[in-house]
Amino acid sequence: DKTTVTAASVGDQVYGGNLDRWRKAANSTKRKLYLQSRKTNPNSASAITQLVNEGNLISSNAENFNINFFASSGSFNPIYMYQHQTRINDMILSQRFYDSLSVLNDPRLPVFFTRANGNYVTYDNGAFTSVPFNDPNRSRWGVYVVGNGTQLANGTIENGGAAPIRLITWSMVNFWLAEAALTLGTPGDPAEYFRQALQAQFDDIRTFVSAASLPENFEADATAYINRRVAAFQSASSTEGKLNILIRDKWASSVGNAYEAYNDYRRTGYPRLELAQNPQVGVTRIPTRWPYALGEIQGNAENVPLQDYPAGLLVPVWWLGE
């Protein structure tokens, strides 16, 4: 609300100087932080209720807090540049993530990931094998994550890179509203928020992905998928059962935003994920915190807690609760 001698639009690559949208993004960020700390913050429910009642949150895909990139050298989406240009053999579609989407007939699979020679080529987490890592043909991040372009036979995309990095979206806000209504009793119907969360992402896909890259019957398949998942949510017999379904679908919807998916998993325990194959001795569950950098341990050891590896990675950070 303060005045400035420089126009708000100068240098604003997100909202072009639209301060109302910045306020919505700020309130949505606060909304996220209150929810993520709900197990340790006794004021979360009241603070979220106030934000909901004020109604000044991101409320359409047009208001998404996205960092935009372009299909030109020096301006590429960084995930596109890494996986489709500079380090094309470093990453591959997880077999477990593929199975999770495939078993539910998720129509987003073809826009989330590419195919190699017409097939999804995957790798099971932690497997002791060099195949298919020695094979350049693999499934990589797809057009919704990295930008529209020409998909080649080996699973890479040419002339892409114009996808945004989606930091806070209308879909995420609805997922957060659903979780808060379910677990904290804040205003609104969690099932309806869940429906809106899924619908918002499918709408964003239709808006962003070129018609040539959309699967056949995408519209009908999207509607059927949303109806199935909301019905499963409504039929779950407990709050925990509903939360499992909700977070599982938010996890699936968080493509391109690994931090969001990781934070959800480590604070809720959902979706139910198995350890990778061949985990290190002493790792009995998926780590709940990042390791401290070696440079910090070596140069600032007296101020670095939890240096034991891997035991220190299994201690929850303060806002996760026990």
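Using the Cα centre as the reference, give the magnitude of the dipole from point charges on the C-beta atoms of the chain (Lys, Arg: +1; Asp, Glu: -1; all else neutral), rounded to the nearest 20 debye. Kindly include the intermediate steps, with their values, before the conclusion.
Values: 28 positive and 28 negative charges, 61 e Å.
Charge dipole, the chain, about its Cα centre: 300 debye, nearest 20.
Checking a compactness column here: for the stretch 190-322, what do you get for Rg(Cα) / (2.2 N^0.38 Å), N being the number of residues?
1.37
Computed from the coordinates I sent, semi-axes √(5λ) of the Cα gyration tensor in Å equals one of [x] 39, 29, 22; [y] 29, 27, 24; [z] 36, 29, 16. Tell me the label.
Evaluating semi-axes √(5λ) of the Cα gyration tensor in Å on these atoms matches [y].
Under 21 Å Cα-Cα from residue 30, which lysines qualify once same-chain neighbours fewer than 8 residues away are excluded?
2, 39, 250
Expressed in nm², what is the orientationally averaged projection area of the convex hull enclosing the Cα positions of the stretch 1-127? Don't jump to the answer; show the numbers that get you there.
Numbers: hull surface 52.2 nm².
Over every viewing direction, the Cα hull of the stretch 1-127 projects on average to 13.0 nm².
Once you have the Cα-Cα distance between residue 137 and residue 227, take 0.36 nm times their residue separation minus that, and quote the gain in nm to one decimal. Write out the running numbers ahead of the final one.
Details: separation 90, 0.36 × 90 = 32.40 nm, distance 3.49 nm.
Here the segment from residue 137 to residue 227 would lengthen by 28.9 nm.
Among 121, 103, 18, whose Cα sits farthest toward the positive end of the charge dipole of the chain (+1 at Cβ of Lys/Arg, -1 at Cβ of Asp/Glu, about the Cα centre)?
Farthest towards the positive end: 18.
At a Cα cut-off below 17 Å, give the aspartates and glutamates reachable from residue 242, other chains included and same-chain residues fewer than 8 away excluded.
179, 189, 192, 264
Report in % the part of the accessible area of the chain that belongs to carbon and sulfur, leaving out ligands and nucleic acids; probe 1.4 Å.
Numbers: 8410 of 16040 Å².
The nonpolar share, carbon plus sulfur, comes to 52 percent.
Taking the alpha-carbon distance from residue 24 and a cut-off under 12 Å, which aspartates and glutamates remain once sequence neighbours fewer than 8 residues away in the same chain are dropped?
Answer for residue 24, where 12 Å is the Cα cut-off: 54, 63, listed by chain and number.
Rounded, prolate or oblate: pick one for the stretch 188-263, where a ≥ b ≥ c are the square roots of the eigenvalues of its C-alpha gyration tensor, a/c under 1.5 means rounded, and failing that, prolate if a/b is larger than b/c, else oblate. Working shown, then result.
Numbers: a/c = 2.43, a/b = 1.46, b/c = 1.66.
Verdict is oblate for the stretch 188-263.
The values are calculated or read from the model by the stated rules, or taken from the named source; none is laboratory data. As the structure is a computational prediction, the values presented were derived from the model and not from experiment. Glycine gets a Cβ as well: all are built from the backbone with ideal geometry, and neighbour counts include every protein chain shown. Areas reflect the complete protein model, heavy atoms only, side chains present, ligands, DNA and RNA absent. Shrake-Rupley method; radii C 1.70, N 1.55, O 1.52, S 1.80 Å.
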